[in-house]
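Visitor: After the structure tokens below, expect a handful of questions from me.
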């Protein structure tokens, strides 16, 4: 009888523990990669801010050639894209791969708006004679936003791969750490852009 | 409940983005603008890390590691530029 009581206590402890388990989504390696990426971006941001402090007129003139609306719509596109990715993770956890795939397609479509807007902005700047060698503002602007642009492209490739695997019903509710890792990378790209938008388009 | 959080978080992110853009184009004093947009980017970062990245259910150290990034980086940038 005492052993039965002990056994029941042990089971309830396990259930209690699993209910309150704090789990890091995705793979640990992806989180270390994200921390590394965030550190690199932080260094670029601080470099941009220090240069702005040293050469304020150049940055005021440079910002005047950028469109705040482009920055706004790029931000909205990435936020909405991240929203669809978060919803797709929930769908996978409920075992609904087809819904997850559909959410990823929406995420890719909204991310495409960002791509089109950035290409349009780069083209307009180059047409007006501003490129990476014009002055320090444009060097930093093209470098930071271009580096982020490449991350968006990589993120879109990852999302497309995840959508393909979801279409094949490859993810299970209890085995989706790869899916979570890909989604987390995309949210990191969104997080970085939120700070880029603040630093380049909003602050003046 | 989780899905409601995702919807709510997306609405907060969109609204804060719109408000920040309007503030940047307004004629409010630069100090007030700096304070409001810096707070706005911190809240947006918190929403992305806690809700979208699901760090509100992750081990506390990991959560605070990312939260410290979204609080400290905008604070450092605003300090360099405005103070």
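The values are calculated or read from the model by the stated rules, or taken from the named source; none is laboratory data. Since the structure is predicted, the reported quantities are computational estimates derived from the model, not experimental observations. A quick note on method: Cβ atoms are made from the backbone with ideal geometry, for glycine too, and the neighbour counts reach across all protein chains shown.
Visitor: Inside the range A:55-72, can you point out the residues that are over 20 Å from residue A:147 (Cβ atoms) and facing chain B (nearest Cβ under 10 Å)?
Guide: A:56, A:68, A:69, A:72, listed by residue number.
Visitor: Kindly evaluate residue B:18 against the criterion of being within 8 Å of chain A (Cβ to nearest Cβ) and in a helix (DSSP H, G or I).
Guide: So residue B:18 fits the description; yes.
Visitor: Of the numbered conditions (1) surrounded by 15 or more Cβ atoms within 10 Å (Cβ to Cβ); (2) without any contact (Cβ under 8 Å) to a residue 24 or more places away in the chain; (3) under 30 Å from residue A:171 (Cβ atoms), residue A:36 fails exactly one; give the number of that condition.
Guide: Among (1) surrounded by 15 or more Cβ atoms within 10 Å (Cβ to Cβ); (2) without any contact (Cβ under 8 Å) to a residue 24 or more places away in the chain; (3) under 30 Å from residue A:171 (Cβ atoms), the lone unmet condition for residue A:36 is (1).
Visitor: Also, I was wondering about something else. Give just the number: which of (1) free of Cβ contacts under 8 Å to residues at least 40 places away in the same chain; (2) within 19 Å of residue A:30 (Cα to Cα) does residue A:198 not satisfy?
Guide: (2) is the only condition that residue A:198 fails.
Visitor: Only one of these is part of a helix (DSSP H, G or I) and surrounded by fewer than 18 Cβ atoms within 10 Å (Cβ to Cβ): A:104, A:153. Name it.
Guide: A:153 is the lone residue from the list that is part of a helix (DSSP H, G or I) and surrounded by fewer than 18 Cβ atoms within 10 Å (Cβ to Cβ).
Visitor: Among the residues of the range B:25-65, which ones are within 12 Å of the chain's Cα centre (by Cα) and at the interface with chain A (Cβ under 9 Å from one of its Cβ atoms)?
Guide: Matches in the range B:25-65: B:37, B:38, B:40, B:41, B:44, B:45, B:48, B:49.
Visitor: Which condition from (1) closer than 23 Å to residue A:26 by Cα; (2) part of a loop (DSSP other than H, G, I, E, B); (3) modelled with pLDDT of 95 or more is the one that residue A:95 breaks?
Guide: (3)
Visitor: Scan the range B:48-57 and tell me whether some residue there is farther than 17 Å from residue A:24 by Cα, surrounded by 15 or more Cβ atoms within 10 Å (Cβ to Cβ) and at pLDDT 95 or above. Step through it out loud before you land on a result.
Guide: Step one: list which residues in the range B:48-57 are farther than 17 Å from residue A:24 by Cα, which gives none.
Taking every residue of the range B:48-57 in turn, none turns out to be farther than 17 Å from residue A:24 by Cα, surrounded by 15 or more Cβ atoms within 10 Å (Cβ to Cβ) and at pLDDT 95 or above.
Visitor: Those residues that are over 22 Å from residue B:45 (Cβ atoms) and more than 9 Å from chain B (Cβ to nearest Cβ), I need them from the range A:73-95; list them, please.
Guide: A:91, A:92, A:94, A:95 - these are the residues of the range A:73-95 that are over 22 Å from residue B:45 (Cβ atoms) and more than 9 Å from chain B (Cβ to nearest Cβ).
Visitor: Okay, next question. Looking only at the range A:166-204, how many residues end up being part of a helix (DSSP H, G or I) and either surrounded by fewer than 19 Cβ atoms within 10 Å (Cβ to Cβ) or under 15 Å from the mean Cα position of the chain (by Cα) (or both)?
Guide: Summing the residues that are part of a helix (DSSP H, G or I) and either surrounded by fewer than 19 Cβ atoms within 10 Å (Cβ to Cβ) or under 15 Å from the mean Cα position of the chain (by Cα) (or both) in the range A:166-204 gives 22.
Visitor: Are any residues in the range A:51-64 under 29 Å from the mean Cα position of the chain (by Cα) and closer than 14 Å to residue A:140 by Cβ, and if so, which ones?
Guide: A:51, A:52, A:53, A:59, A:62, A:63
Visitor: Yes or no: residue B:33 surrounded by 18 or more Cβ atoms within 10 Å (Cβ to Cβ) and modelled with pLDDT under 95?
Guide: yes
Visitor: If you don't mind, another one. When you scan the range B:38-53, do you find a residue that is assigned to a loop (DSSP other than H, G, I, E, B) and under 24 Å from residue A:203 (Cβ atoms), even just one?
Guide: Step one: list which residues in the range B:38-53 are assigned to a loop (DSSP other than H, G, I, E, B), which gives B:53.
Add one more test, that the residue is under 24 Å from residue A:203 (Cβ atoms), and what stays is none.
Checked against the condition, which is being assigned to a loop (DSSP other than H, G, I, E, B) and under 24 Å from residue A:203 (Cβ atoms), the range B:38-53 yields no hits at all.
Visitor: Residue check: is residue A:51 in contact with a helix residue (DSSP H, G or I) (Cβ under 9 Å, 6 or more places away or on another chain), within 12 Å of another protein chain (Cβ to nearest Cβ), under 30 Å from residue B:83 (Cβ atoms) and crowded, with 22+ Cβ neighbours inside 10 Å?
Guide: On the way: in contact with a helix residue (DSSP H, G or I) (Cβ under 9 Å, 6 or more places away or on another chain): yes; within 12 Å of another protein chain (Cβ to nearest Cβ): yes; under 30 Å from residue B:83 (Cβ atoms): yes; crowded, with 22+ Cβ neighbours inside 10 Å: no.
No; evaluated as a whole, the condition is false for this residue.
Visitor: In addition: Conditions first: (1) surrounded by fewer than 21 Cβ atoms within 10 Å (Cβ to Cβ); (2) assigned to a helix (DSSP H, G or I). Residue A:129 passes all but one, so which condition is the exception?
Guide: (2)
Visitor: Based on this model, can you work out whether residue B:12 counts as at pLDDT 95 or above, buried (at least 20 other Cβ atoms within 10 Å of the Cβ) and either more than 7 Å from chain A (Cβ to nearest Cβ) or more than 22 Å from residue A:71 (Cα to Cα) (or both)?
Guide: no
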